[in-house]
Every structure is written in structure tokens, then in C-alpha cells.
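Notes to accompany the following structure.
The values are calculated or read from the model by the stated rules, or taken from the named source; none is laboratory data. No experiment lies behind these values; they were computed from the predicted model shown. Every residue, glycine among them, receives a Cβ derived from its backbone with ideal geometry; neighbour counts consider all protein chains shown. Each accessible area value is taken on the protein alone, full model and side chains, heavy atoms only, with ligands, DNA and RNA left out. Shrake-Rupley method; radii C 1.70, N 1.55, O 1.52, S 1.80 Å.
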2 protein chains.
Amino acid sequence: VLAVARSDLQPPRGTRDFYPEDLRFRTWLFDVFREVSRRFGFEEVDAPVLEHAELYRRKAGEEIVEQLYHFELHGRHLALRPELTPSLARMVMARQGALRWPLRWFAIPQCWRYERMTRGRRREHYQWNMDVWGEPSVTAEAELLAAVFAATDALGLGPADVRVRLNHRALLEETLRADVLADRPEAFAPLCVIVDKLDKIGAEAVVEQLADPAGPVALDAGAAKELVARLGIRDLEEAARQAPADSPAVAELRRLFELLDAYGVADRVVFDASVVRGLAYYTGVVFEAYDAAGSLRAVCGGGRYDRLLESLGGRPVPAVGFGFGDAVIQELLADRGLVPDLPRGLDAVVYPLGEEERSAAIRLARRWRAEGLAVEIVLGQGLRMRRVLADADKAGARRVALIGPEERARGVARVRDLASGEEREEALE
Amino acid sequence: VLAVARSDLQPPRGTRDFYPEDLRFRTWLFDVFREVSRRFGFEEVDAPVLEHAELYRRKAGEEIVEQLYHFELHGRHLALRPELTPSLARMVMARQGALRWPLRWFAIPQCWRYERMTRGRRREHYQWNMDVWGEPSVTAEAELLAAVFAATDALGLGPADVRVRLNHRALLEETLRADVLADRPEAFAPLCVIVDKLDKIGAEAVVEQLADPAGPVALDAGAAKELVARLGIRDLEEAARQAPADSPAVAELRRLFELLDAYGVADRVVFDASVVRGLAYYTGVVFEAYDAAGSLRAVCGGGRYDRLLESLGGRPVPAVGFGFGDAVIQELLADRGLVPDLPRGLDAVVYPLGEEERSAAIRLARRWRAEGLAVEIVLGQGLRMRRVLADADKAGARRVALIGPEERARGVARVRDLASGEEREEALE
């Protein structure tokens, strides 16, 4: 009767179906994100998965923009969101005068990128975001980093599993703008995008791209080499010696480490001059959480983006946030054997032996459901008891309530505990 | 520094941002859907919001297909899902041999339709779906209808607010295929799609479309009029008199009403011959829940679609399900004054009077958060006490813990209960 074509019945390449066991994992993970966010006093928000592509038009060469999932529809240029931050910025702008500052917002959006599927990476992922809008000081960064560790702790990962490296973009910017980028502040964002590729493409290629005279940065080769050499610094005091004496960035980093100490997480955080993150809009502290064993991509990344709202036409509002994806953390938990066994939580299966008993079975299920139990009623007719019991056991049900003609006549159900095998009778009314 | 164009900073037409208060409502609503589903023993699933457009290619003239949000991308024809059922069918087919039958699946997908925005309707909504796959008997329909009412009950709506009308497509099909559609079974689905518009376009227009010789149904005018007259039947026994004596559809409807009686909801359900629903793939019982005051569109709609899997190339699997959107129910709750006050649930605001006290404040917040409390730390510096208290009160915080130099020296926080105004001291360690 139907005219459905039989064709590609797989989910689109790079996307996932969530069968019950996949969804249980997702729910468990999201519950951790939500519970940590709640304890930190953050409020959940969301925005459309579809946005005007315009919202993401940035010219710094970012991977996230180049991989935009975008298309024309009825004369509109639309995109599936690759990240939530621009949507948040839009929302903040729309109510800038009517919000309680600072905003503490979190979200768990699904984000999309159109990536050639060469590395087995997916085209969609969920990303826990926490953002503080309206607070210029690193008290906000400290809260966010504490929340990241609260989440990894809650997921069962310890200090030996997940660590954070952080840096301050202004450390780099202060130096460069006093010197080689003095006349070209606009080259700083693309410079960061190139530096962010260090791990992936290596020092030589970074120098080459920074020094490319046709590129957006076009440093002279000597300056590019010097810059890349400085990325090797892993000690804040050494970085401080190379920075201007009154560097605000150094002062902020020192203060941030003091605060992280009060949160009890300073020993899991290291300074790393090579961390700049690949988003153009970051302006201050940038950080990433990583698998301490070192084999995976970043578990989470974030930073301060004090000029984003201004760049979209809003009043300036300082802001800082992170994104924590569901993919890398799932790999990491699997590697560590920390993916929990998540049972279905079925309390009872109610089994009418024949259709004569179905009304009684329904009434028992109603009562148990009203008490909050998760109850299946056997919907099929004429199923044999052995099959129903085996099936209930397979589903992890705690008990099976059988109602046959004899039980119905006596106004009871025979209730078997599947773990102990014990049976009792339960009155139907 | 950034190159973001200032242009359309609104969410795309027909879509919504979820600010914290909107998200709290959404969460409350979804929690009801999830809790009802859990009690009925259903498992949550999900599928990509983006699918191959092919999956929705049906030729019955359905609104849902005509309003498909689809586009070409890198040579692929993709669509934002307008409904979840085809994705579920895909998922069932992919694991047809490895699932525990019957499947009891639920989901709360966001679905999209590209609709001209003439009626203030949105282009996206969330839709709670419950589906039973693998059970041919109306025991499944009865479970689903009981779940719909369990949800409306949990939302505070009573029997006077929400009712269900139901019908059986085979009642219509039995008659038509014995007669005017004997040689053209494929005309039945488009016939239902036209009949579904009765409320919207009126009897005359339905007759006209059914009798349009260039249309997909092309009944003769007399047959079309007779059919539309029969849609007025509101009594199952009258419908039974017009049906063949051994009509399986009548028997199923009678049995369904018996089962609904056992669920305690039969008095909220009426037979209505005009209900056919607008989806081509329904084959058996079809139903819709509606606002008893009659002013709104359907709260929920569903039915049996026993041939969908077969039409996609799978082994035949009987199935029945419903979709319950978030839009109409929200309007209905608002109309009835039933949208609950959903407080943020902030337990405490911790307020260091100066930066000297911040470490102590962080430590207190850590302790309370570890106990499960939702705790904000005042992130700004040098805020005045009056402002902090007013702000905490506005946020609905239960208490404010103040730590000034004196408190710090004495190792305590001063904790004010914002409702009673009472103060007590709490030891910091």
C-alpha cells in the first residue's frame, strides 16, 4: 500500500542510532553532567539545532567553520550548529537588559560537523557546555575547571586519569602585539588556529604556515620559529620571565592556580604554553582536559571569550565556557573499564495465563504502576509459562506475577521473585 | 578581532530558544513522559535528527511529507526528521533477529516540518513517542492509550480535559475494498489522507477531492458522498451494523473497549468514524487525544501500522504507536492554569566579603556541593551585601552564607535563611 522506496536504510554516515542500551549510557552520562551543573548553581538552556549559517561566519580558518554542515533552503542559508556558543551569544544579546548577572548556563546540545569520514570520527556528538557570562575575573574559570573535575570524578575517573593543561592567550598576544603583530591585530586569531594544530601537524609545518607570505599570518621565518620555540614552555614562572613585568595574563594565571588550590584540584592542572585552542574567539585563559595516558583527543576544551558578544553587535560581556563531548569520554571510560552496567530496572512482568485473566492482570499492573514500579504486561496471547519466565529473566525483571484461572478464582496473583525463586501470593484487590 | 557578520541574530523562523525558565518547563514535561514510559516498562531510544530524505518518500499526499525539511548536501538528499517512526522502522530492521519481542520503545525526538508560517505554528516540536513492535492484538493499543491518560493525569489534566476518539481504518477499508476500491487498494492511503482533512476543509471539499477524477482516489461522486456521510457515525454499534457481520475490525474495537475498561479509562474514549489520521501507513486502530473543550488541535495521535516494515523491505512486524507533541499540551496546560511554578532550586549562595575570604568560601561551597546542595559562589569582587542578598532572594536561594574577615578569623560562616531571616553560624571545617 505504501510508496516508500527501499534504499539506504542505514543512518546517515557519521550519525548514530541509540538502541535502549546506548540510550541508557547516554542518560547516565547526561545525568552526571546535569547533576554537577545543578550543584554548581548552573541553569540549563538550549537553542535550535538549526541556525542561520551566518552566525558561524568567521574568517580565521577554524576547522569548525570549514566543516560547517550548511545548506540553502528556500533562499535561506542554514546550518546545523557545530557548537553552541554562538547560539548562546544570540540568546544573551536578545535579553541583555533583563538577565540576572552573571549568567551561569549549561546545556547538552547535539552538534554537527561535516567531516570527511577518514578517521572514523562521527559527524554529530553531544557536548556538555557550561558558560559564565558577565564575570571578568578568573573566579569563573576556577568554577568551570572545578566542575570539569567534579564530572570526571563522578564518572569514576581519578586524578591519574584526567588532567588539564591551560594557558592564557594574552600571554602570547601581549608579546606579539608589542612586536610582530603591532600593526595587524587581526592576524592573532588565525595565528592561534594554526598554533592549535601543533600536535597534529608538528612544529615544522606550523612554522611554515605561520610564515606563509600568502597566509593570514605571514610572520617572517625567524619570528615564526621563535614563537614555536616558546610554545615548549611548561612552567608558568618561566613564561612569566619572558612576559612583560606587569603582565595581567601572568597575574591572572597565578590567581587562577591559587583558586584551583582552594578547589582541591591544582595538582591536576599544569601550565602549557602550547595550548591555545582552535576557536578564533578566545581571548584569555584557554584550557583542555586530556586523558593522562595521552592516547586520546581532548576530553574537554574551553576558554574565555570576552569579545564575542561585541563582535556580534552586542554590548561587551566577558564570558568563559567549556565544551565536553560525549565521544572521547566514552572511549576513555571504555578504556578504563568504567562503563557501568546499566540495568533496565524492570520491576515486574504481569502474566495473564489466558484472556480471561487479562482484566485482573491489567488491574494488578495499574496498582503497581501507581506505586511507581516499572511493570510490563505480557501482551501476547497463549504464551507458555516457561517462555514468559525465561524472557522476564532475560529482561532483568525482578519478579513475575502469574494469574491463571485458579488464581483469578481465588482473587490472587502468584508472584515469583526471579532472583531467589521464592513464590508468594498477592491479593488482587 | 573576529569576522562574524552582524546579520540575522534571531533563531531561524519557527524555532525556539530555551531560556532557563523554558527549559525547566521542558524538563518537567519530559520527566512526566519518561516516568510514565518507565512505569509501563518501555525503554528509551533515539535516532539522528538528520536522515536520508528517501526514508520519508511516500506518495499518499501526506502533509508531513509535503512539508519535509529537506536539502541536498554533497550529493546526498537529506532531511530533518518530520517524525520518528520511519527511523524506528530502520532501527528495528537492522536488528530484527536480535531483539526481545515485543519491543516497547519510547523516545522524545525533536521533529521538523517546513511549514509556511501562516498560522503561528512552529517548524520544530518535540514529540513523545511510545511504540509497541511485534504484538498484533489490541492489548498493545490498550497499553498505549492507558499511558496517554497516565501522562495527562500526571500533568494535572482530568477526564474532563482530555478525551480520545478512535476508529479502525479497516472498518473503512473492508467496505471500500469490497466495493469501490476493489481494484485499487493503493488508493486507500491517499483516501485516508483526504478524509483526515475533514475538520479543516469541511465535508464538501473532502467529497470534491475524493471525487476528483485527476486525483489519487477518483471515486464517483455518489460513492464519495456516501463515504463522507458514514464518517458522521459516533456509535460503535451503529458502525457495526453497517460493517460485514464478521468484521475483524469491529471485534477488535469491542475487545479494545473491554480492555480500556480494565484500565479504568473506557469512559474517556469514544468511537468516531471520522478519525482516520493523516499518516499513510496506518492500517488498524487509529486514535487521537483531544482537548475536551474542543478549541485546540490534537494533543496526541497514533495508530497501528502493521505493514510499514514490510513496505521498507523488512520482515512484516505488526506495530502500533503514538506521537504526543509538546506544543498543544503546553497551550492546554496554560489555558487550564496548570503550568506549574518551577523554581530553580538553588540551595545556597556563598558570599566572600573580600578576596581574602574567597578560599574559605570555595571550601564551604565544595562541602555543600558534595552533600548534594545547589550552591552558587558569588564570583564578582567587592559586591555590597545588600545587593548580594537582594540578588540571592531574586534567584530563589534558600540561604546565603557570608564570610567576612571576622567570620574567617573565627572559622565560621554566617548563614542567613532567606525565608525566615534567621541567622546561624556554620563552622568552616
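Quick look at the values:
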item: Per residue solvent-accessible surface (Å²) - the protein assembly as shown, probe of 1.4 Å; result: 40 Å²
item: Helix-derived mean residue ellipticity, 222 nm - over chain A, DSSP H n ≥ 4, -39500 (n - 2.57), to 500; result: -10500 deg cm²/dmol
item: Label 7 Å beyond Cα on the Cβ vector: A:GLU63 copy-to-copy distances, nm; result: 4.4
item: Length-normalised contact order of region B:357-429 in % [C-alpha pairs under 8 Å, at least 6 apart]; result: 26 percent
item: Net charge dipole size for region B:103-158 [Lys, Arg +1 and Asp, Glu -1 on Cβ; Debye, nearest 20]; result: 560 debye
item: In the A-B interface, the accessible area buried, summed over both sides, Å² (probe 1.4 Å); result: 9800 Å²
item: 7 Å along Cα→Cβ, label-point gaps from B:VAL270 to other copies, nm, shortest first; result: 7.3
item: Förster-model FRET efficiency, 51 Å R0, B:TRP28 and B:ALA218, C-beta, rounded to 0.05; result: 0.55
item: Peptides B:265-272, A:238-245, B:147-154 ordered by average Cβ neighbours within 10 Å, highest first; result: B:147-154, B:265-272, A:238-245
item: Averaged over B:260-270, number of beta-carbon atoms from partner chains that fall within 10 Å; result: 2
item: Region A:280-411, relative contact order in percent, only Cα pairs under 8 angstrom and at least six apart counted; result: 20 percent
item: Spacing of the two label points (7 Å from each Cα toward its C-beta) at B:LEU383 and B:GLU115, in nm; result: 4.2 nm
item: For B:13-26, mean number of other protein chain Cβ atoms within 10 Å; result: 5
item: Cα centroid of region A:278-343 to Cα centroid of region A:107-147, whole Å; result: 4 Å
item: Rounded if a/c under 1.5, otherwise prolate or oblate - region B:284-429, Cα gyration tensor axes; result: prolate
item: Sequence-separation-based contact order of chain A, relative, with Cα cut under 8 Å and 6+ spacing, percent; result: 14 percent
item: Lys, Arg +1 and Asp, Glu -1 on Cβ, resulting dipole of the protein assembly as shown about Cα centre, debye, nearest 20; result: 280 debye
item: Residue among A:PRO216, A:LEU55, B:THR15 farthest towards the positive dipole end of the protein assembly as shown, charges placed on Cβ; result: A:PRO216
item: Cα gyration tensor shape for region A:355-429, rounded if a/c is under 1.5, else prolate or oblate; result: rounded
item: Candidate lysines - alpha carbon under 17 Å from B:LYS225, same-chain residues fewer than 8 apart omitted; result: B:LYS197
item: Exam field: A:HIS77 pseudo-label spacings to other copies (7 Å along Cα-Cβ), nanometres; result: 2.6
item: Cα long-axis angle, helix A:248-262 against chain A (0 to 90 degrees, to the nearest 10); result: 30 degrees
item: Potential extension, B:ARG336-B:ALA293 segment - 0.36 nm per residue separation minus Cα distance; result: 14.4 nm
item: Positive-end extreme of charge dipole, the protein assembly as shown - chosen from A:ALA182, B:VAL400, A:ALA289 (charges on Cβ); result: A:ALA182
item: Cα gyration tensor shape for region B:44-164, rounded if a/c is under 1.5, else prolate or oblate; result: oblate
